[in-house]
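The values are calculated or read from the model by the stated rules, or taken from the named source; none is laboratory data. The shown structure was predicted, so the numbers you read here are calculated from the model rather than taken from an experiment. Counting neighbours? That spans all protein chains shown, and the Cβs are built from the backbone with ideal geometry, glycine included. Ligands, DNA and RNA are stripped out before the accessible areas are found, and what is left, the full protein with its side chains, is counted by its heavy atoms. Shrake-Rupley method; radii C 1.70, N 1.55, O 1.52, S 1.80 Å.
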Number of protein chains: 2
Amino acid sequence: MTTTRRDFITTAAITGAALVAGDALAKPVAGDNAMPKLLHHVFFWLKNPESKEDLEKLIAGVKSLAAIETVRSIHVGVPASTEKREVVDNSYHVSELLGFDDVAGQDAYQIHPLHKKFVDEHQHLWSKVVVYDALAV
Amino acid sequence: MTTTRRDFITTAAITGAALVAGDALAKPVAGDNAMPKLLHHVFFWLKNPESKEDLEKLIAGVKSLAAIETVRSIHVGVPASTEKREVVDNSYHVSELLGFDDVAGQDAYQIHPLHKKFVDEHQHLWSKVVVYDALAV
(Lines give C-alpha, C1' and ligand atoms only; values in the text may rest on other atoms or scores of the structure.)
Protein backbone atom coordinates (compact mmCIF):
# COMPACT_ATOMS: atom_id res chain seq x y z
CA MET A 1 0.00 0.00 0.00
CA THR A 2 1.37 3.39 -0.91
CA THR A 3 0.08 6.69 0.39
CA THR A 4 1.49 9.88 -1.01
CA ARG A 5 2.11 12.82 1.27
CA ARG A 6 -0.54 14.75 -0.65
CA ASP A 7 -3.19 12.06 -0.08
CA PHE A 8 -2.31 12.01 3.59
CA ILE A 9 -2.61 15.74 4.07
CA THR A 10 -5.86 15.92 2.09
CA THR A 11 -7.43 13.21 4.21
CA ALA A 12 -6.26 14.92 7.37
CA ALA A 13 -7.66 18.25 6.21
CA ILE A 14 -11.06 16.66 5.64
CA THR A 15 -10.94 14.99 9.04
CA GLY A 16 -9.94 18.26 10.66
CA ALA A 17 -12.92 20.01 9.12
CA ALA A 18 -15.26 17.28 10.28
CA LEU A 19 -14.04 17.55 13.84
CA VAL A 20 -15.63 20.95 14.35
CA ALA A 21 -18.70 20.53 12.21
CA GLY A 22 -20.89 19.94 15.26
CA ASP A 23 -21.77 16.36 14.36
CA ALA A 24 -21.56 14.05 17.38
CA LEU A 25 -20.34 11.21 15.16
CA ALA A 26 -17.49 13.37 13.88
CA LYS A 27 -15.93 13.87 17.32
CA PRO A 28 -12.36 12.69 17.72
CA VAL A 29 -12.44 9.06 18.76
CA ALA A 30 -9.61 6.69 19.53
CA GLY A 31 -7.70 5.79 16.38
CA ASP A 32 -8.19 9.16 14.68
CA ASN A 33 -5.09 11.21 14.02
CA ALA A 34 -6.46 13.43 16.76
CA MET A 35 -6.88 10.67 19.33
CA PRO A 36 -4.18 8.02 19.23
CA LYS A 37 -5.06 4.44 20.15
CA LEU A 38 -2.62 4.03 23.01
CA LEU A 39 -2.91 6.40 25.97
CA HIS A 40 -0.12 6.70 28.53
CA HIS A 41 -1.42 8.71 31.49
CA VAL A 42 1.03 9.57 34.26
CA PHE A 43 0.15 11.30 37.54
CA PHE A 44 2.90 12.87 39.65
CA TRP A 45 2.84 13.80 43.33
CA LEU A 46 5.51 16.35 44.23
CA LYS A 47 7.92 15.85 47.12
CA ASN A 48 7.48 19.55 47.97
CA PRO A 49 3.91 20.43 46.99
CA GLU A 50 4.31 23.96 48.32
CA SER A 51 7.15 24.74 45.89
CA LYS A 52 5.89 26.64 42.86
CA GLU A 53 9.40 26.34 41.44
CA ASP A 54 9.36 22.54 41.60
CA LEU A 55 5.93 22.51 39.98
CA GLU A 56 7.09 24.73 37.11
CA LYS A 57 10.24 22.63 36.63
CA LEU A 58 8.25 19.42 36.40
CA ILE A 59 5.70 20.93 34.00
CA ALA A 60 8.48 22.22 31.72
CA GLY A 61 10.19 18.84 31.84
CA VAL A 62 7.04 16.93 30.96
CA LYS A 63 6.34 19.29 28.05
CA SER A 64 9.80 18.55 26.62
CA LEU A 65 8.66 14.96 26.02
CA ALA A 66 6.55 16.17 23.06
CA ALA A 67 9.74 16.15 20.97
CA ILE A 68 9.99 12.35 21.07
CA GLU A 69 9.14 10.98 17.64
CA THR A 70 6.56 8.38 18.63
CA VAL A 71 4.57 10.80 20.83
CA ARG A 72 1.45 11.66 18.81
CA SER A 73 -0.32 13.99 21.22
CA ILE A 74 0.32 15.56 24.59
CA HIS A 75 -1.75 17.11 27.38
CA VAL A 76 -0.04 18.46 30.49
CA GLY A 77 -2.36 19.50 33.30
CA VAL A 78 -3.02 20.16 36.96
CA PRO A 79 -6.11 19.17 39.01
CA ALA A 80 -9.18 20.87 37.59
CA SER A 81 -11.61 22.74 39.79
CA THR A 82 -14.45 20.33 39.08
CA GLU A 83 -16.92 19.42 41.79
CA LYS A 84 -15.35 17.59 44.74
CA ARG A 85 -16.71 14.07 44.79
CA GLU A 86 -15.62 10.97 46.67
CA VAL A 87 -14.50 9.23 43.47
CA VAL A 88 -12.39 12.15 42.22
CA ASP A 89 -8.69 11.98 43.10
CA ASN A 90 -7.40 15.55 43.00
CA SER A 91 -4.43 14.90 45.29
CA TYR A 92 -1.90 14.67 42.44
CA HIS A 93 0.08 17.70 41.27
CA VAL A 94 0.87 17.15 37.58
CA SER A 95 -0.93 15.08 34.94
CA GLU A 96 0.83 13.98 31.75
CA LEU A 97 -1.19 12.34 29.00
CA LEU A 98 0.73 11.10 25.98
CA GLY A 99 -0.83 9.45 22.93
CA PHE A 100 0.89 6.78 20.85
CA ASP A 101 -0.13 4.81 17.78
CA ASP A 102 0.51 1.50 19.52
CA VAL A 103 2.34 -0.34 22.30
CA ALA A 104 5.54 -0.32 20.23
CA GLY A 105 5.43 3.48 20.14
CA GLN A 106 5.17 3.63 23.93
CA ASP A 107 7.94 1.06 24.35
CA ALA A 108 10.24 3.11 22.09
CA TYR A 109 9.43 6.21 24.16
CA GLN A 110 10.40 4.48 27.42
CA ILE A 111 13.96 3.88 26.22
CA HIS A 112 14.33 7.15 24.27
CA PRO A 113 17.31 9.32 25.39
CA LEU A 114 15.05 12.37 25.90
CA HIS A 115 12.78 10.37 28.21
CA LYS A 116 15.73 9.00 30.17
CA LYS A 117 17.12 12.55 30.46
CA PHE A 118 13.75 13.78 31.74
CA VAL A 119 13.64 11.07 34.42
CA ASP A 120 17.26 11.63 35.46
CA GLU A 121 16.82 15.38 35.79
CA HIS A 122 13.35 15.45 37.42
CA GLN A 123 12.85 12.33 39.52
CA HIS A 124 14.13 14.12 42.62
CA LEU A 125 11.02 16.33 42.37
CA TRP A 126 8.37 13.65 42.85
CA SER A 127 7.46 11.36 45.73
CA LYS A 128 4.99 9.16 43.85
CA VAL A 129 4.06 8.31 40.27
CA VAL A 130 1.07 6.33 39.01
CA VAL A 131 0.79 5.26 35.37
CA TYR A 132 -2.18 3.96 33.41
CA ASP A 133 -1.75 2.63 29.88
CA ALA A 134 -4.98 2.14 27.94
CA LEU A 135 -5.49 0.61 24.51
CA ALA A 136 -8.58 1.65 22.58
CA VAL A 137 -11.36 -0.91 22.18
CA MET B 1 -16.52 38.86 17.38
CA THR B 2 -18.19 37.00 14.56
CA THR B 3 -16.83 33.88 12.94
CA THR B 4 -18.64 32.43 9.98
CA ARG B 5 -19.02 28.71 9.66
CA ARG B 6 -16.83 28.84 6.54
CA ASP B 7 -13.98 30.59 8.38
CA PHE B 8 -14.21 28.05 11.16
CA ILE B 9 -14.03 25.04 8.87
CA THR B 10 -11.19 26.50 6.81
CA THR B 11 -9.11 27.10 9.92
CA ALA B 12 -9.83 23.62 11.17
CA ALA B 13 -8.84 22.13 7.84
CA ILE B 14 -5.48 23.88 7.98
CA THR B 15 -4.95 22.73 11.55
CA GLY B 16 -5.86 19.19 10.59
CA ALA B 17 -3.27 19.18 7.83
CA ALA B 18 -0.60 20.49 10.18
CA LEU B 19 -1.26 17.72 12.69
CA VAL B 20 0.17 15.04 10.43
CA ALA B 21 2.90 17.03 8.70
CA GLY B 22 5.60 15.38 10.80
CA ASP B 23 6.61 18.54 12.64
CA ALA B 24 7.02 17.93 16.38
CA LEU B 25 5.62 21.39 17.09
CA ALA B 26 2.50 20.58 15.09
CA LYS B 27 1.46 17.67 17.30
CA PRO B 28 -1.93 17.96 18.95
CA VAL B 29 -1.45 19.78 22.22
CA ALA B 30 -3.97 20.71 24.89
CA GLY B 31 -6.27 23.44 23.65
CA ASP B 32 -6.27 22.32 20.00
CA ASN B 33 -9.54 21.15 18.56
CA ALA B 34 -7.93 17.74 18.68
CA MET B 35 -6.96 17.86 22.34
CA PRO B 36 -9.46 19.63 24.59
CA LYS B 37 -8.20 21.56 27.60
CA LEU B 38 -10.14 19.66 30.25
CA LEU B 39 -9.54 15.92 30.57
CA HIS B 40 -11.91 13.72 32.56
CA HIS B 41 -10.30 10.29 32.97
CA VAL B 42 -12.33 7.57 34.67
CA PHE B 43 -11.07 4.10 35.57
CA PHE B 44 -13.55 1.32 36.35
CA TRP B 45 -12.97 -1.93 38.22
CA LEU B 46 -15.63 -4.55 37.45
CA LYS B 47 -17.50 -6.40 40.17
CA ASN B 48 -17.20 -9.58 38.08
CA PRO B 49 -13.89 -9.25 36.21
CA GLU B 50 -14.29 -12.70 34.69
CA SER B 51 -17.53 -11.74 32.93
CA LYS B 52 -16.90 -10.82 29.30
CA GLU B 53 -20.56 -9.87 29.07
CA ASP B 54 -20.25 -7.30 31.86
CA LEU B 55 -17.11 -5.91 30.23
CA GLU B 56 -18.85 -5.51 26.87
CA LYS B 57 -21.89 -3.91 28.50
CA LEU B 58 -19.77 -1.35 30.32
CA ILE B 59 -17.72 -0.55 27.19
CA ALA B 60 -20.90 -0.02 25.15
CA GLY B 61 -22.35 2.16 27.89
CA VAL B 62 -19.25 4.33 28.13
CA LYS B 63 -19.18 4.78 24.34
CA SER B 64 -22.77 6.08 24.42
CA LEU B 65 -21.49 9.11 26.37
CA ALA B 66 -19.97 10.49 23.15
CA ALA B 67 -23.44 11.76 22.22
CA ILE B 68 -23.42 14.36 25.02
CA GLU B 69 -23.03 17.80 23.47
CA THR B 70 -20.14 19.10 25.59
CA VAL B 71 -18.02 15.97 25.09
CA ARG B 72 -15.31 17.01 22.60
CA SER B 73 -13.33 13.77 22.33
CA ILE B 74 -13.53 10.23 23.64
CA HIS B 75 -11.16 7.31 24.15
CA VAL B 76 -12.45 4.05 25.62
CA GLY B 77 -9.80 1.48 26.44
CA VAL B 78 -8.61 -1.53 28.40
CA PRO B 79 -5.18 -2.07 30.02
CA ALA B 80 -2.48 -2.07 27.35
CA SER B 81 0.14 -4.79 27.19
CA THR B 82 2.98 -2.40 27.95
CA GLU B 83 5.91 -3.50 30.07
CA LYS B 84 4.94 -4.42 33.65
CA ARG B 85 6.52 -1.86 35.96
CA GLU B 86 5.94 -1.09 39.62
CA VAL B 87 4.44 2.34 38.82
CA VAL B 88 1.98 1.00 36.22
CA ASP B 89 -1.52 0.25 37.52
CA ASN B 90 -3.05 -2.28 35.14
CA SER B 91 -5.57 -3.63 37.63
CA TYR B 92 -8.49 -1.61 36.23
CA HIS B 93 -10.82 -3.05 33.61
CA VAL B 94 -12.16 -0.10 31.56
CA SER B 95 -10.66 3.34 30.92
CA GLU B 96 -12.83 6.25 29.78
CA LEU B 97 -11.16 9.49 28.73
CA LEU B 98 -13.44 12.37 27.83
CA GLY B 99 -12.27 15.78 26.64
CA PHE B 100 -14.12 19.03 27.37
CA ASP B 101 -13.46 22.65 26.48
CA ASP B 102 -13.59 23.72 30.11
CA VAL B 103 -14.84 22.92 33.63
CA ALA B 104 -18.32 24.16 32.69
CA GLY B 105 -18.49 21.55 29.92
CA GLN B 106 -17.63 18.79 32.40
CA ASP B 107 -20.13 20.11 34.93
CA ALA B 108 -22.88 20.12 32.27
CA TYR B 109 -21.96 16.53 31.39
CA GLN B 110 -22.30 15.37 35.02
CA ILE B 111 -25.96 16.40 35.17
CA HIS B 112 -26.86 15.47 31.58
CA PRO B 113 -29.75 12.95 31.30
CA LEU B 114 -27.64 10.60 29.13
CA HIS B 115 -24.90 10.52 31.77
CA LYS B 116 -27.42 9.90 34.56
CA LYS B 117 -28.97 7.11 32.47
CA PHE B 118 -25.53 5.57 31.95
CA VAL B 119 -24.82 5.60 35.70
CA ASP B 120 -28.25 4.21 36.59
CA GLU B 121 -28.01 1.37 34.10
CA HIS B 122 -24.36 0.40 34.63
CA GLN B 123 -23.32 1.14 38.22
CA HIS B 124 -24.22 -2.40 39.30
CA LEU B 125 -21.35 -3.59 37.06
CA TRP B 126 -18.48 -1.85 38.87
CA SER B 127 -16.98 -2.21 42.33
CA LYS B 128 -14.70 0.82 42.19
CA VAL B 129 -14.28 4.01 40.16
CA VAL B 130 -11.40 6.48 40.23
CA VAL B 131 -11.64 9.83 38.44
CA TYR B 132 -8.93 12.33 37.54
CA ASP B 133 -9.83 15.74 36.12
CA ALA B 134 -6.92 17.66 34.62
CA LEU B 135 -6.87 21.19 33.25
CA ALA B 136 -4.17 22.04 30.70
CA VAL B 137 -1.34 24.31 31.78
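Taking the criterion of being over 15 Å from residue A:136 (Cβ atoms) and either of a type outside the set (Phe, Trp, Tyr) or open to solvent by 40 Å² or more (accessible area, probe 1.4 Å) (or both), the residues of the range B:94-110 that qualify are B:101, B:102, B:103, B:104, B:105, B:106, B:107, B:108, B:110. Annotation for the range B:70-93: no member residue is modelled with pLDDT of 95 or more, in contact with a His (Cβ under 6 Å, 6 or more places away or on another chain) and open to solvent by less than 80 Å² (accessible area, probe 1.4 Å).
Look at residue A:61 and say whether it is at pLDDT 50 or above and part of a helix (DSSP H, G or I). It is true that residue A:61 is at pLDDT 50 or above and part of a helix (DSSP H, G or I).
Taking the criterion of being free of Cβ contacts under 8 Å to residues at least 24 places away in the same chain and either in contact with a helix residue (DSSP H, G or I) (Cβ under 7 Å, 6 or more places away or on another chain) or over 23 Å from residue B:73 (Cα atoms) (or both), the residues of the range A:50-68 that qualify are A:50, A:51, A:52, A:53, A:56, A:60, A:66. For the range A:97-115, the set of residues classified as touching a residue at least 24 places away in the same chain (Cβ under 8 Å) and not in a helix (DSSP H, G or I) consists of A:97, A:98, A:99, A:100, A:101, A:102, A:112, listed by residue number. For the range B:41-49, the criterion of being modelled with pLDDT under 95 and not in a strand (DSSP E or B) is satisfied by no residue at all. Could you list all residues from the range B:53-71 that are among the charged types (D, E, K, R) and within 12 Å of the chain's Cα centre (by Cα)? Correct list: B:63 only.
Taking the range B:78-95 as the region of interest, how many residues are more than 9 Å from every other protein chain (Cβ to nearest Cβ) and either on the phi > 0 side of the Ramachandran plot or in contact (Cβ under 8 Å) with a residue 24 or more places away in the chain (or both)?
The initial filter retains those residues of the range B:78-95 that are more than 9 Å from every other protein chain (Cβ to nearest Cβ), namely B:84, B:86, B:91, B:93.
So of that shortlist, the ones also either on the phi > 0 side of the Ramachandran plot or in contact (Cβ under 8 Å) with a residue 24 or more places away in the chain (or both) come out as B:91, B:93.
Residues in the range B:78-95 being more than 9 Å from every other protein chain (Cβ to nearest Cβ) and either on the phi > 0 side of the Ramachandran plot or in contact (Cβ under 8 Å) with a residue 24 or more places away in the chain (or both): 2 in total.
Taken over the range B:111-137, the residue count meeting the criterion of being within 16 Å of the chain's Cα centre (by Cα), facing chain A (nearest Cβ under 7 Å) and open to solvent by 20 Å² or more (accessible area, probe 1.4 Å) is 4.
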